[in-house]
Amino acid sequence: MNYIERSIEKKILDSLKLNKVILVYGARRVGKTEMIKHLVGKYSEKYLWLNGDDMDHIAALEHRSRSNYQRLIGDAKLLVIDEAQQIPEIGLKLKLMIDTLDDLKIIATGSSAFDLNNQVGEPLVGRKREFYLYPIAQMELFNTEDYLETIANLNDRLVFGTYPELVGLNGEMQKIEYLKDQINSYLLKDILSFEGIKKRDKMVNLLKIISFRVGSEISMESIGRQLQISKNTVDRYLDLFSKVFIIYKVKGFSRNLDNEITKKSKWYFFDNGIRNAIISSFNPIELRNDIGKLWENYLISERIKYQSYNRLYIDNYFWRNKNRQEIDWVEDRDNKLYAYEFKWNPKVKVAMPSNWKKGYPDSNFVIVNRDNYLDFINP
């Protein structure tokens with residue numbers, strides 16, 4: 001499959017400045033390495049490429065001194081460190097390089113945000129710019145397909161997702177095998193290698209619960225009882241899943257109206273294919289009873305990509321009250337509220353909930369369905 005240009009490429013190039021570190025985060029196999037290779041191909045000056053999975057490269061960086069790094073980098077003007085989270089004290093090492101070596105630019109990628117963030121956060125204050133890369137976004141696919149192809153491919157993407165390698169695969173079995181391998185060999189690997197994480201079966205079962213409850217509020221206590229682990233352990237595992245870009249947390253919205261519910265949160269997957277692989281559910285859309293969950297998860301994951309790639313700072317929520325009135329998605333942006341209800345069937349009509357209308361009369365309310373969804377995921 002031909003390379004699909006990623007939406008953040010130009011922003012990364014524009015941000016690539018002397019004595020600054022560009023950090024690119026994302027799950028394994030979302031295309032970080034291929035994207036950086038594509039960027040480097042446009043770079044006119046000499047560069048050095050190191051890989052955190054290579055023990056020789058880790059050894060070359062071990063001695064933290066200006067003279068060592070000067071010899072290593074030589075006359076290269078750009079340093080790329082792929083899978084940087086594997087390198088001990090990477091934050092301090094990057095800080096030393098960027099502070100002491102003249103005319104150097106650095107790009108570092110990482111698949112484990114909880115690791116890389118902890119290492120680079122404090123050392124690189126004021127010296128870094130962060131970007132996130134996700135599975136292929138529909139806004140990126142617009143460059144490779146026309147409108148009719150986009151509509152024709154929708155059902156497939158609801159089931160199998162949009163990881164870069166998968167988008168180029170033909171055949172259902174190939175896609176299923178790819179997703180199963182992605183879970184077992186890559187996504188869980190990052191978490192299970194983290195110190196103190198040993199209960200693989202509990203973590204897998206927790207992911208299955210979240211998969212079945214996409215779009216529903218989650219009770220930590222209830223899940224803890226079901227898995228026979230503590231509420232705090234459930235919370236910790238969910239936090240780790242979010243930090244390796246498997247799931248995304250959405251909180252309840254409230255401005256202190258008496259009957260609004262905000263204590264519980266909802267969780268969504270960054271990719272539909274990963275969600276379906278966890279529960280081994282790859283039936284076509286017309287044979288599924290969870291199309292509402294797939295539709296809601298897909299729209300939210302695409303909206304998150306759109307917000308991130310356009311550097312939009314928006315607070316995202318869901319809304320529900322004690323009268324069981326609810327709204328799937330609420331955005332607080334530019335001091336105005338935007339409410340969205342997701343419906344797979346365009347014929348389904350939904351009115352703005354009366355309590356929401358009364359409490360927030362100046363908000364916008366839109367139903368997102370198959371007829372207008374492209375306006376929501378890429379306005």
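Apart from one condition, Trp49 fits all of (1) surrounded by 21 or more Cβ atoms within 10 Å (Cβ to Cβ); (2) at pLDDT 95 or above; (3) not polar (S, T, N, Q); (4) not in a helix (DSSP H, G or I); the exception is (1).
Please verify whether Leu79 is within 15 Å of Ile22 (Cβ to Cβ), at pLDDT 95 or above and touching a strand residue (DSSP E or B) at 6+ places or on another chain (Cβ under 9 Å), treating the condition exactly as stated.
Numbers: within 15 Å of Ile22 (Cβ to Cβ): yes; at pLDDT 95 or above: yes; touching a strand residue (DSSP E or B) at 6+ places or on another chain (Cβ under 9 Å): yes.
Spelling it out, Leu79 is indeed within 15 Å of Ile22 (Cβ to Cβ), at pLDDT 95 or above and touching a strand residue (DSSP E or B) at 6+ places or on another chain (Cβ under 9 Å).
One residue is enough: does the stretch 34-41 have a residue meeting the conditions outside any strand (DSSP E or B), among the β-branched types (Val, Ile, Thr) and modelled with pLDDT under 95? Looking through the stretch 34-41, at least one residue is outside any strand (DSSP E or B), among the β-branched types (Val, Ile, Thr) and modelled with pLDDT under 95. Taking the stretch 199-252, which residues are modelled with pLDDT under 90, of a type in the set (D, E, K, R) and in contact with a strand residue (DSSP E or B) (Cβ under 9 Å, 6 or more places away or on another chain)? Asp239 - this is the single residue of the stretch 199-252 that is modelled with pLDDT under 90, of a type in the set (D, E, K, R) and in contact with a strand residue (DSSP E or B) (Cβ under 9 Å, 6 or more places away or on another chain).
Here's a check for you: in the stretch 295-336, which residue that is more than 14 Å from Gln138 (Cβ to Cβ), of a type in the set (Val, Ile, Thr) and out of contact with any Leu (no Cβ under 9 Å at 6 or more places or on another chain) is surrounded by the most Cβ atoms within 10 Å (Cβ to Cβ)? Per the stated criteria, the residue is Ile327.
Please go through the stretch 361-376 and pick out each residue that is under 20 Å from Asn155 (Cβ atoms) and among the hydrophobic types (A, V, I, L, M, F, W, C).
Step one: of the stretch 361-376, the residues under 20 Å from Asn155 (Cβ atoms) are 368-376.
Scanning the stretch 361-376 gives Val368, Leu374, Phe376.
Of the residues Leu312, Leu294, only one is touching a Lys or Arg at 6+ places or on another chain (Cβ under 8 Å) and assigned to a helix (DSSP H, G or I); which?
Numbers: Leu312 fails: assigned to a helix (DSSP H, G or I).
From the options Leu312, Leu294, the qualifying one is Leu294.
Among the residues of the stretch 18-33, count how many are part of a loop (DSSP other than H, G, I, E, B), among the charged types (D, E, K, R) and either closer than 30 Å to Asp181 by Cα or modelled with pLDDT of 90 or more (or both). Can you show your working first?
Here is the first cut: in the stretch 18-33, the ones part of a loop (DSSP other than H, G, I, E, B) are 18-20, 26-31.
From what is left, the residues that are among the charged types (D, E, K, R) are 20, 28-29.
Within this subset, residues satisfying the condition of being either closer than 30 Å to Asp181 by Cα or modelled with pLDDT of 90 or more (or both) are 28-29.
Residues in the stretch 18-33 being part of a loop (DSSP other than H, G, I, E, B), among the charged types (D, E, K, R) and either closer than 30 Å to Asp181 by Cα or modelled with pLDDT of 90 or more (or both): 2 in total.
Could you tell me whether the stretch 219-238 includes any residue that is aromatic (Phe, Trp, Tyr), assigned to a loop (DSSP other than H, G, I, E, B) and closer than 27 Å to Gln119 by Cα? No.
Residue-by-condition table, conditions (1) surrounded by fewer than 22 Cβ atoms within 10 Å (Cβ to Cβ); (2) aromatic (Phe, Trp, Tyr); (3) assigned to a helix (DSSP H, G or I); (4) at pLDDT 95 or above:
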position	(1), (2), (3), (4)
Asn117	yes, no, yes, no
Gly126	yes, no, no, no
Arg129	yes, no, no, no
Ile136	no, no, no, yes
Glu145	yes, no, no, no
Leu148	yes, no, yes, yes
Asn155	yes, no, yes, yes
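Residue by residue through the stretch 2-17, note down the ones that are assigned to a loop (DSSP other than H, G, I, E, B) and surrounded by 11 or more Cβ atoms within 10 Å (Cβ to Cβ).
Residues of the stretch 2-17 assigned to a loop (DSSP other than H, G, I, E, B): 2-8, 16-17.
Correct list: Tyr3, Ile4, Glu5, Arg6, Ser7, Ile8, Leu16.
Screening Glu177 on (1) crowded, with 17+ Cβ neighbours inside 10 Å; (2) assigned to a helix (DSSP H, G or I) shows it passes everything except condition (1). Taken over the stretch 45-87, the criterion of being more than 17 Å from Gly110 (Cα to Cα) and charged (D, E, K, R) is satisfied by Glu45, Lys46, Asp56, Glu62, Arg64, Arg66, Arg71, Asp75, Lys77.
The values are calculated or read from the model by the stated rules, or taken from the named source; none is laboratory data. Fair warning: this is a prediction, and the values are worked out from it, not measured in the lab. We place every Cβ from the backbone using ideal geometry, glycine too, and count neighbours over all the protein chains shown.
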